[in-house]
Structures are given as structure tokens and as C-alpha cells.
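One structure is given below, encoded as C-alpha cells.
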Amino acid sequence: MTAFILKRIGFAVITLFAVLTLVFFIVRVLPGDPASVVLGDQASAASIEAMRQKLGLDQPMVFQYLDFLGGVVRGDWGVSMATGRPVVAEVLNVLPYTIELTVAALILGLAFGVPMGIWAAVNRNRIPDYLTRIVSLLGLSAPAFVSAVILLLLFAIQFRWFPVISSGQDTSLGGKLRDLALPAVNLGLIMAAYITRVTRSAMLEVLSQDYVRTARAKGVPNNVVVWRHAFRNSLIPVVTVVGLYLGILIGNSVLTEIVFNRPGLGKLIVGALGQRDYTMLQGMMVIYTFIVVVVNLLTDLVYGLVDPRVQYR
Amino acid sequence: MKNFQLILCTALLAGLLGSTGAHAQGTHLRIAAAGNDLGTLDPHRATATPDIGVVSMIFNGLVRITPGKANPEAVEPDLATSWTSSDDKLSWTFTLRDDVQCHGGGKLTADDVVYSLKRAASKDKSSFFAEYSAFQAVEAVDPKTVKITLSKPVPGLLGLLVPYHGGNIVCKAAAEQAGDGFARKPAGTGPFEFVEYQPQQFVKLKANEAYFRGSPQIKEITYRYILSDASRDLAYQSGEIDLSYGRQDDNWIKRMRQLPNSKVGVFGPGELYNVHLNMTQKPLDDVRVRQAIAHAVQRPALAKYKGQEIAREADSVVPQGYLGHESVGLADYSPDKAKKLLAEAGYPDGVTINAIQTTLPSMMNTMQAVQAQLKASGITLNLAPVDHPTFHSQIRQDLSQVVLYAAARFPVADTYLTQFYESDAIVGKPSAVTNFSHCGVADAEIKAARTETDADKQKALWAEAQRKIVDQVCSVPVFEMLQAWAWKESLDFGYPVEGSLSLIPPVTEKTRFVN
């Protein structure tokens, strides 16, 4: 187990290094220039050049790269080219919002997705199954920004239960939960749709296994068959999807953040891209990669908990 | 147990819902700007519209344009009570008020003004240093008197001293102490002082109780960054925002006006949409081809397409309302004339021209409309869509034959002519700004006007420059877009809102909510 984790951490370091290098060169190959963004569109070419020097962009790219790597090794991620603030500080400022939103969406996704998937599987080709499939299809196909605006129109404008601006209006616990509610539902519904479909198909497969038939033949009550015998064995694909989707969720939260006016990593990366903020983009990409690597590792470890047959080598 | 759960859920829901609806009113002004996040609050660096909006509430200038106006001739005292100039207009002396307090304490003196103007003229500290290049010396004669010595006369000098760009006066101690951090911790003398910045959310300001024009009636301002148009509108509609940046769109104006207790203001300065034609590249190097393009563009239809209230037809290469603007009369719409000119130029079968085009929707749909109009005259305009930063980078590398550019500038003809039509500003040169057409036909007039001290002669020079540029069709002006904001009917700015340099209605000490 320890050897497995160490090996995975070793791979993670290599992955991070590769991502870092790729991102470093890709953002610099893109047309556009942080110096002109900082100075605005009335700046002369000479002052843009002066700003490029100040930001170190006039150096050969290899020098910039070595300088950057040196900084990373020392734990210095540099400062944002657009704002002049440390990259780490900018990220840490908004990271809690992204974590809050992702975890809330995940909880909602699991809370709705798993029972609905099981319900559909148990009632295969009957009304509950059709209903669940239609609802989950809707969840998968509705773009996040459309469902977000519908939620706002309904619950913020029509019923006035929740605010349109989902950040920092009220810092009490109730206020924070109220801020989080609609964005989390918006992301959670999509997550729930995925989980419903995966749970349904995994359950269908397990329910058709011989041992389930045997259990039923022994007279084991239906509840016990479904929850104890079948559900646990159908968890592996569900865990896989949750793991995969968690990474996507963090990346995809940008539309939800924009429509609900929440701070977050998604908005930060969109802003950095628009400003060609090289240092910020580099930092963000590493963080995203790191999150995906960690989630994958955790997913692998959860397999062992779910299925004792899984062995780590 | 079930009862307990029910009570818990009900309490939680009541708690959640109970705290909704208590929207602050009265002395708390909540503004929504269109942006992802704050760029900078350093007034000598701020160029983005959302940044300039909040900066305008924090700083003063030596003089100012009457709030609610954007006419540079409506100059009145701000930090200076009076000013005099020598006969040769090379030496200017300003007498300061002695009741001005810096945010965070300390009286504003001539030292602060000297520091601030030198900072505005510094290449390292200011994005507007070039505008202050004629400032030879700025000295504090005594704590209440500032003397500016110029290397050559600057007729628009007062325009450089209004609280806009480099004319914003910063407090020396705070700026020196903060260093680069001034961008996040600004201190001026304006009616509102900086309190807090929350990344991607808002900037909070509070009333400067020691403000020299009297304590502001609004005590707190939350200036929010809301990128999504839909969310901004919904937040305004739900009552979470009192003053909201609008879309440049007639439908938006109509919709916001229909909301209960809502007002919409449409005001200048106008943002001129201008199609710049690269005069050094074939086939645009032939003036007849450029004239053909001018005749092929149907300006009234484009202005109507953009919205009758928010857009107005352009009538010169300098926007209307700018000091020195001259309605010079642009080419009439005539596909026949266009085709005839093309045939004369040796292109009887039409021409093909290429443009790098930003995907920014307001720019893209304009250029697509122009593209369709040109087609009717046998002119094929190929568009290569790129994202906005790429567009800005590539047009400055002289890679596009045709450049659609929209800009509002300090409303004096000189700014526009210098940045877009003077040879020094041609893209590719070290002194380049935004002269995409390589136009240099009016250099003499533009230069002469810059130092002409007789106001009438100066206006005549600017008018002549505009005529020459239009004759040579360096660019085809299309329409001007105005600014639109929506606000609560109860919000009274204290001034009629006819224009605003900072492109936001004037939030001053007089701004208040009325019943």
C-alpha cells in the first residue's frame, strides 16, 4: 500500500513537471501580451516594450523557463503579471469558494443520483425507470448557464428566496448557505444526472448476476438484496465516475461562478487567459493538475475500501 | 425523532429565507460594473472602464469638468481655487484650497500635487506619461501654490488636470508607503475612500466625512464586478443593485425602463466605431478603392441596427461632442459610385480585403453587417476571427488590412487625431499607438493645433485635419455608441446626467436616495 502510494506520488511529480513545462511554452506561444493588457490600449509601443522588460518578457524563453523552474523549486510561484500580487495568494483567496461549491455539488449529486439510479434499476422498463432516464437526460443536456438562469429567474426573481449575487452579501452561516444553495443545486443536478445513469447501469448488471438470483431464491428480503448484496458490488463504476467527474466539476464550475457571481478558480483562470497573465496561468494549471492527480489517487484508494479484492501493487 | 428533524429543517429553511430581502437602502449605494475582477485602482494606471468608474469616486484633480457633463469646456475649480498663466502660456500657477484632507489623514499640500503630477509624467509609474511630456517642471512655491512650467504651450492643459487618468491627484505619503501596492490600497481626497477589496467580488468604499465639499450623503458604496449581462440585469431587477452598467442595446434600454421604479440614462462621450484601412497595402493603397469602401457602407442602416437610442450615425473621424469635432460630411451610400470607383481603379470585378476580427460580440456583429454591405458593391471582406487579446496583439503588428476599432477618449479632438491619424502613432513604430491606417495626411495640422494658443485657430486646424483625413479615407467612421446605465428612481445624483468622462453617472457627495 505504502509502496503504491509512493509510486503514485512519483508519477504525480512527473506529471506536474510535464504540465508545467507544456503550459509555460504554450501560453507564451499564444499571440497577445500581458504588458499591453497592463498598460491599456492607449499605451505606446515604447512603453509596452518597457513594461515587457520590467516583467522579464524580453529575456530568451529558455532563460525565463529556467528562472521560473528555479522559483518553483524554492516554492516561489511568482507574481501575477496583471495584478502584481503573488500567484499563491490570488489562488488561496478564491480556492475556498471553489471547494465549497464542488463539495456541495458532489453531496447533492450523490444524495439524488444514487437513490434515483437504484430506483430506476430496480424498476427496469417501468414508469420510474423511464421517468428517471428522462430527467437525467435533461440534466445532462441542459447547459449549466441555461439552468443557472432558470434557477435565478424562478427562485431569486419570482419567489425571492435566494439572492442573485451569491457571494459575500451575508457572512453568517445561514447567509453563506443561502448564497451556496442555487449554485450548488445547479452543479449538483448535472452531477446527479451522471451518477443516476452510472448507478442504474451498474445496478442492472449486478442484479442480473447469479448470486443475486441465489439470494432471492434463499428468500432474502428484496431490500437486503438490493442494498446489501447488489449495491455494494455496483459501487466501483460509481466511484470511478465520481472521481473523474470531480476533476471536470472543478474545471466546469466557471459558468456557474459567472452566472451566480461567485468567486472561484474558474473565474480566475478565465480572467488570466483574457489578460495573458502567464504566471497566473502556469500556477492555475499546476493546481488543476494537482487536484486531478490527488482525486485519482483517492479514487484508487477508495476502490480498496469498496471491493476487498482490489490489491495495491 | 421525526418531529425533531421536521423542526430542525423548518428552522434552517426559515433562517435561510429570513435573511433575504433586507436589502440595504438609504445610505448604501450598490453598483454593478461589467467585469470579471478589479484591474487596478492606481489612477495613473487605470484604463479599463470598470476601474476608471471606481477611481473617479476616490480622487480629485486640480480642476474638474462639472459633474454630469463630458464637455471639456465646462471646467471648474476642484482642488485649486484659482489659476493664472503667463502671457506665453508656458508658466501656470495654481492656488490650492487649504481645507482638503487626504484619506487616512493629513492635509493635502502643494507637495502632494507636485508628487502626483510628476508621478503621472513618469514612464515607470504612469500609463499616461506621454501626455505630460511638455511638463518641464512642477514646483511647490508654498504649501498652497503649485507652479507648472511647460517646454511648449499646451492649449488643453486644464484637460490634463481634471480627475481623469494622469490628472488624478494622489496623496504622496500613502502612495510612497504603498509602493506598487497602491493599486490595491489607493488614497486620494475624493468624496469616497477605499475600505476593502474582495477578489472577483467587490470594492467597498466609505464616505470621506472630511470631504471639502461636505460630508457625502451616501455613506457606503459596494462596487461589484458582475461579468454576466444576464446576472447583472437580474441582480438589478431583484433589488440587490441600485446602479447598473447597461448593455449598449435599445432592447435592454426599453426592458429596464419598463421595470417598476427604474430609470435609464443614455449619455456620452460616444465610442466611435471606425473601420481603419491600411493605406500602404494593395488594393487599399489606391484612394479610389478606399472611397469605394466609404460609399459602400450604409451608416444610417448600421446605426439603426445597433439601436436608435444608443447609437448615432458618425459624421467625422472625431466623435461628436469632442472639443474640436467638425461635422465634415462623409461619403453618401451609393453602391453604383463604389462600383464605378473600383472600375476606375482597375478592379471592375471587385476587390477582396482581409481583416483580423475580434470575436467580441458587439464588434463581430458590426463587422459582419459591414461585410454584408460591402458585398453589395463587389467588395469581399474576409474575416479571420480571433479572441480579443490576440486581436489587440495582431493589429498592432500591422497584420490586418482592415481594423474595426471602437474607442472613447478624453473628449478633445487632439487625443483622437494624435492616437489614430498622426504618423508617429503608426503601428510598428516605437512611438506607435493606434494608427492602423498608416495615415499621415494631416500631421501638420495636428501638430500645429497642439501648440496653437488661439482657440478659434486651433479649432480651424482640427477641422482642416478632419477634412483631409476624410478626403483621403484613412478610415470609414460608422457610428457612435453611447453609455447606458440603469438606476433606481429613488437615486438622485444631484446633477443632471448628460455625460461623464469616467463613463459612469457622477457619484459625488450630492448623490443620495430620495423617498
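Table for the structure above
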item: Selection status of A:Ala18, within 13 Å of chain B (Cβ to nearest Cβ), surrounded by fewer than 19 Cβ atoms within 10 Å (Cβ to Cβ) and of a type in the set (A, V, I, L, M); result: no
item: Any hit, segment B:49-58, residues being at pLDDT below 95, within 14 Å of chain A (Cβ to nearest Cβ) and either farther than 24 Å from B:Ala407 by Cα or open to solvent by 30 Å² or more (accessible area, probe 1.4 Å) (or both); result: yes
item: Matching residues, segment A:161-199, being away from chain B (no Cβ under 14 Å) and open to solvent by less than 40 Å² (accessible area, probe 1.4 Å); result: A:Leu187, A:Gly188, A:Ile190, A:Met191, A:Ala192, A:Ala193, A:Ile195, A:Thr196, A:Val198, A:Thr199
item: Of residues in segment A:28-64 being open to solvent by less than 30 Å² (accessible area, probe 1.4 Å) and closer than 30 Å to A:Val13 by Cβ, the one modelled with the highest pLDDT; result: A:Gln64
item: Unmet requirement for B:Met364, which otherwise passes all of (1) at positive phi; (2) touching a strand residue (DSSP E or B) at 6+ places or on another chain (Cβ under 9 Å); result: (1)
item: Within segment A:250-293, tally of residues that are farther than 23 Å from B:Pro389 by Cα and open to solvent by 40 Å² or more (accessible area, probe 1.4 Å); result: 3
item: Qualifying residue in segment B:440-450 (condition: away from chain A (no Cβ under 11 Å) and at pLDDT below 90); result: yes
item: Meets criteria (over 30 Å from A:Leu30 (Cα atoms), touching a Phe, Trp or Tyr at 6+ places or on another chain (Cβ under 9 Å) and without any contact (Cβ under 8 Å) to a residue 60 or more places away in the chain) for B:Asp443; result: yes
item: The lone exception for A:Gly247 - which of (1) touching a Phe, Trp or Tyr at 6+ places or on another chain (Cβ under 9 Å); (2) at pLDDT 85 or above; (3) open to solvent by less than 50 Å² (accessible area, probe 1.4 Å) it fails; result: (2)
item: Test: B:Asp180 is open to solvent by 40 Å² or more (accessible area, probe 1.4 Å), assigned to a loop (DSSP other than H, G, I, E, B) and either away from chain A (no Cβ under 14 Å) or not small (Gly, Ala, Ser) (or both); result: no
item: Qualifying helices (runs of 4 or more DSSP H) (wholly inside segment A:8-96; at least 2 residues being free of Cβ contacts under 8 Å to residues at least 12 places away in the same chain); result: A:45-54, A:61-73
item: Single residue of segment B:209-240 satisfying the filter (assigned to a loop (DSSP other than H, G, I, E, B) and facing another protein chain (nearest Cβ under 8 Å)) that is nearest to A:Ala148 (Cα to Cα); result: B:Ser228
item: Enumeration of residues in segment B:474-502 that are among the aliphatic types (A, V, I, L, M) and either part of a strand (DSSP E or B) or closer than 24 Å to B:Gly239 by Cβ (or both); result: B:Val476, B:Val478, B:Met481, B:Leu482, B:Ala484, B:Ala486, B:Leu491, B:Val497
item: Breaking point among (1) assigned to a helix (DSSP H, G or I); (2) in contact (Cβ under 8 Å) with a residue 12 or more places away in the chain, for B:Pro389; result: (2)
item: Qualifying residues in segment B:99-118 (those that are open to solvent by less than 20 Å² (accessible area, probe 1.4 Å) and within 15 Å of B:Glu139 (Cβ to Cβ)) - the one farthest from the other protein chains (Cβ to nearest Cβ); result: B:Ala110
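The values are calculated or read from the model by the stated rules, or taken from the named source; none is laboratory data. In this text, all values refer to a predicted model and were calculated from it rather than measured experimentally. Note that we place each Cβ from the backbone using ideal geometry, even for glycine, and neighbour counts take in every protein chain shown. Protein only, heavy atoms only, side chains kept; ligands, DNA and RNA dropped before computing areas. Shrake-Rupley method; radii C 1.70, N 1.55, O 1.52, S 1.80 Å.
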